[in-house]
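First comes the structure, then the notes that go with it.
The values are calculated or read from the model by the stated rules, or taken from the named source; none is laboratory data. Model, not experiment: these values are computed from the prediction. All Cβ positions, even for glycine, are placed from backbone atoms using ideal geometry, and neighbour counts span all protein chains on display.
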Amino acid sequence: MRLFGKQKSISSYSLPTDDYFNTLRDKEFSRLDKLGQTYLDFTGGNLHPSSLLEMHYQLLQKTILGNPHSTNPSSQMSTKLVEEARNKILQYFNADDYYCIFTSNASGALKIVGECYPFEENGHFLLISDNHNSVNGIREYCKSKGGDFTYSPIRQSDLRIDEQKLEENLRSFDHKKYKLFGFPAQSNVSGVKHDWKWVEIAKKQGWDVLLDAAAFVPTCKLDLKQVQPDFVSVSFYKIFGFPTGIGCLLVKKDSFPKLKKHWFAGGTVDYVSVKESNHLLIANHERFENGTLNYLDIPAVKLGLDFIESIGIERIRTRIVELTGLFLQEMTKIKHSNGTSIVRLFGPQDTDQRGGTVILNFQDPEGNTFPFDWVEHQANKELISIRSGCFCNPGIDEINHCISNEEMTQYFTSRKEKEFDSTTGYLKYMSQQIGRMRGATRVSFGIATSTKDIEKFVKFVSKLQNKSVKGIDELKDDGVLK
């Protein structure tokens, strides 16, 4: 996607959506400009609009809310508002044949599936190499229950699924009784939107599908009538910034009985006996909502979804495509005087089937990589919020830096605690062990992003022109640099 001619400065660009979103920024996110900050970490967490805080504050000021597990007036009001939020979520995702289970975040939603999926009954867990660690971690539940797991690879060239290998893997475990496929709707690192067709293909092959939608839903519509995974994880602060600490697990009603809960807690049972040492779990979403829900903050979820609907998710998607196209174009223009590119982009180089999340590294004229933590430190000085490291997605980092199975095996078998200085950091320590850099920089866009934010970042990156990694004083004694 090419939006502009080479000769224009970014400040002269006019995106089709600028008028609407610049007005929205002035109204809802004016604190960015008042504080002089450039926020480019929307995949890490969205920014809350001012009106959402005000509406939630007014609601709390005007109502008396009590613990929902009762029938007194304050409990009834809490229950009413919680159920309104739950129904809003189901309506927003077109999910009337799903249960909505409130959790502390998307990771909490995924933990329920890991704990309760019946891997022990001849189970197998298949997952894409491009997955968040909260999905990767489910393999440990699988192993502990006697099941096994397989990673299906992605291509190094564009960080998309190796379709031939995935088709093979989906056909390879017919002898397993319970099979779970972990599928990310959108990579939390590369921004790649993986093809929805794999949900249907997997289900036809007898797999239950766990969809991690946390990185996808902030800027795209998820219609659970069109695509029907068995389990879906969502985190709401990723969508509209406030409140943190609330997510949900959406469970298809006909898949609900597959989740075998191995304990009970307050609010999850119809009846429990001490004398009989027996209990009856509630047969709906309450089965997995342990203890007291966050009844003061859950009502804000409805308000947040109302806010997103007032803008329109398709308008948001269009905006992110425009911003990402502009960013990718500008990054490729920045070069050293010898003609080499400063920026190394990983994954798709255009906006086709990708979200507003971009992973990149920065190189000097000789091709040496500036350490990501140094880059972030320099950005911090200019009040630019970016993110760096492996982003809880080791699969992407390992393929981007060509890390072999043998190197990872050697690292884990040779590392001893007494050899590791915690102040150094695991990625830097590993880089020293394998002799090359790990990690990268991630930039991501959202509804509050403007072209001037991109211009600020372009100017920041341009300061690396003709700068040598080995010439930076604070890096000269770094063990990674040769």
Filter region 277-311 down to residues that are among the polar types (S, T, N, Q) and not in a helix (DSSP H, G or I) and give me whichever is surrounded by the fewest Cβ atoms within 10 Å (Cβ to Cβ).
-> Ser277
Residue that is touching a Pro at 6+ places or on another chain (Cβ under 8 Å) and exposed (fewer than 15 other Cβ atoms within 10 Å of the Cβ), where the choices are Lys260, Lys238 | Lys260
Selected residue (only one of Glu200, Glu276 is acidic (Asp, Glu), in the same structural domain as His69 (by TED's automatic domain parsing) and touching a residue at least 12 places away in the same chain (Cβ under 8 Å)) = Glu200
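For Gly325, state whether it is in contact (Cβ under 8 Å) with a residue 24 or more places away in the chain and under 22 Å from the mean Cα position of the chain (by Cα).
It is true that Gly325 is in contact (Cβ under 8 Å) with a residue 24 or more places away in the chain and under 22 Å from the mean Cα position of the chain (by Cα).
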How many of the residues making up region 340-388 are among the basic types (Lys, Arg), more than 19 Å from Leu323 (Cα to Cα) and either within 22 Å of the chain's Cα centre (by Cα) or not in a helix (DSSP H, G or I) (or both)?
-> 0
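Going through Asn136, Asn188, Asn122, Asn169 one at a time, which residue ends up being surrounded by 23 or more Cβ atoms within 10 Å (Cβ to Cβ) and of a type in the set (S, T, N, Q)?
On inspection, the qualifying residue turns out to be Asn188.
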Could you say whether any residue in region 270-277 is within 17 Å of Thr103 (Cα to Cα) and among the acidic types (Asp, Glu)?
-> no
Might you check whether a residue that is in contact with a His (Cβ under 6 Å, 6 or more places away or on another chain) and more than 30 Å from Gln349 (Cα to Cα) occurs anywhere in region 101-108?
-> yes
With region 1-119 as the region, which helices (runs of 4 or more DSSP H) entirely inside it contain at least 2 residues that are touching a residue at least 40 places away in the same chain (Cβ under 8 Å), out of contact with any Lys or Arg (no Cβ under 6 Å at 6 or more places or on another chain) and under 30 Å from Thr332 (Cα atoms)?
-> 18-28
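Filter region 460-481 for residues that are closer than 17 Å to Leu328 by Cβ and either at pLDDT below 90 or in contact with a helix residue (DSSP H, G or I) (Cβ under 9 Å, 6 or more places away or on another chain) (or both); which is surrounded by the fewest Cβ atoms within 10 Å (Cβ to Cβ)?
The residue in question is Phe460.
Every residue, every condition in (1) within 14 Å of His285 (Cα to Cα); (2) surrounded by fewer than 19 Cβ atoms within 10 Å (Cβ to Cβ); (3) at pLDDT below 95, yes or no:
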site: Gln58; (1), (2), (3): no, yes, no
site: Ile89; (1), (2), (3): yes, no, no
site: Asn94; (1), (2), (3): no, yes, no
site: Asp97; (1), (2), (3): yes, yes, no
site: Phe102; (1), (2), (3): yes, no, no
site: Gly108; (1), (2), (3): no, no, no
